[in-house]
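Here's the structure, in structure tokens; my notes come after.
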Amino acid sequence: GTIQPSHVSQATLDQAVRDFYDAWKARFLRATCGPDRWVVLTATDAQNLTVAEGHGYGMMLMALMAGHEPNAQRIFDGMFGYFREHPTAFHQHLMGSYQDQSCATPPGDFDSAADGDLDIAFALLLADRQWGSCGAVNYLLEAQHVLGDLRDGDVDPSGRWVLLGDWVVPSESAKYYASTRSSDFMPDHTRSFEAAT
């Protein structure tokens, strides 16, 4: 159902994707913060290493580019490990929104960014489809853990909208409780979440 350019071949389109991925990887993906740990560099300020949104995006790319990236599963698992080492203060299976150059989550950033969590959950479902869930990481089970915490922390209890993160509660964050953002509108993700749960 996707409209593709009609003036170039599929092979040309595929090569453009590979070339862009290679450029992205060279600029943004780094092995750091311990053995077999990988992050997406975001540098939102001078002290920043990564943010949950960039991390989730990178995890999706690894699963999607596995046919081109020979180390995709190893990198994905390293990104998964980093994610698990940086939970929020409220949920074990959501990622702290910001880490600094020392690989730590600073005080005040132990809360989630819903769009990062949504991408991480979707990436785990992609990994299950790409590699199965019988290896070092049970991707499907981990996705279901993330989805449970997403439901509890990142979605309004009515189920009508995605909150900004798991820090938004009516009593403490009334100013932001009715807010959402377009980066959280991911119908392809939510269809997959429904199928997985």
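The values are calculated or read from the model by the stated rules, or taken from the named source; none is laboratory data. Only a predicted model underlies this, so the values are computations on that prediction, with no experimental measurement involved. Cβ coordinates were reconstructed from backbone atoms using ideal geometry, including for glycine residues, and neighbour counts include every protein chain displayed. What goes into the accessible areas is simple: the full protein's heavy atoms, side chains included, and nothing from ligands, DNA or RNA. Shrake-Rupley method; radii C 1.70, N 1.55, O 1.52, S 1.80 Å.
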Which value, in Å² and to the nearest 10, is the accessible area of residue 86 when all protein chains are kept and the probe is 1.4 Å?
20 Å²
Gyration tensor verdict on the range 93-166 (Cα atoms; rounded if a/c is under 1.5, prolate if a/b is larger than b/c, oblate otherwise)
oblate
Return, for the Cα atoms of the range 66-123, the radius of gyration and Dmax in Å, separated by a comma.
12.5, 39
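Give the ranking of 3, 120 by solvent-accessible surface, highest area first, calculated with a 1.4 Å probe.
So the residues, ranked largest to smallest area, are 3, 120.
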State whether the range 1-41 is rounded, prolate or oblate according to the following rule on the C-alpha gyration tensor (a ≥ b ≥ c being the square roots of its eigenvalues): a/c under 1.5 gives rounded; otherwise a/b larger than b/c gives prolate, and the remaining case gives oblate.
prolate
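If eta is 0.890 mPa s and T is 25 °C, what Stokes-Einstein diffusion coefficient results for the range 51-181, Kirkwood Rh from Cα pairs, in µm²/s?
165 µm²/s
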Quick check: pseudo-label points 7 Å beyond the Cα along Cα→Cβ at residue 92 and residue 176, how many nm apart are they?
2.5 nm
Taking Cα pairs under 8 Å and at least six residues apart, what relative contact order does the range 1-130 come out at, in percent?
24 percent
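Of all the accessible heavy-atom surface of the chain, with the other protein chains kept in place and a 1.4 Å probe, what percent is carbon and sulfur?
Working: 5620 of 10280 Å².
Here it works out to 55 percent.
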Taking only the alpha-carbon atoms of the range 1-95, the convex hull volume per residue, in cubic angstrom, is 141 Å³
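Please calculate how many Å² of accessible area the chain carries per residue, with a 1.4 Å probe and no DNA, RNA or ligand atoms counted.
Working: 10280 Å² over 197 residues.
Ligands and nucleic acids excluded, the result is 52 Å² per residue.
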Most mobile of 148, 116, 159 in a GNM of the chain (Cα contacts under 10 Å):
159
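Nearest 20 debye, what's the magnitude of the dipole of the chain about its Cα centre given +1 on Lys and Arg Cβ and -1 on Asp and Glu Cβ?
380 debye
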Expressed in nm to one decimal, what extension gain is obtained for the pair residue 185 and residue 41 from 0.36 nm per residue of sequence separation less their Cα-Cα distance?
49.5 nm
Within a Cβ distance under 11 Å of residue 57, other residues only, what is the Lys/Arg minus Asp/Glu net charge?
-3
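Run lengths n ≥ 4 of DSSP H only: what is the helix-derived mean residue ellipticity at 222 nm for the chain, with -39500 (n - 2.57) per run over all residues, to the nearest 500? Show your work: numbers first, answer last.
Numbers: 7 runs with 92 residues, N = 197.
-15000 deg cm²/dmol, from helical runs alone.
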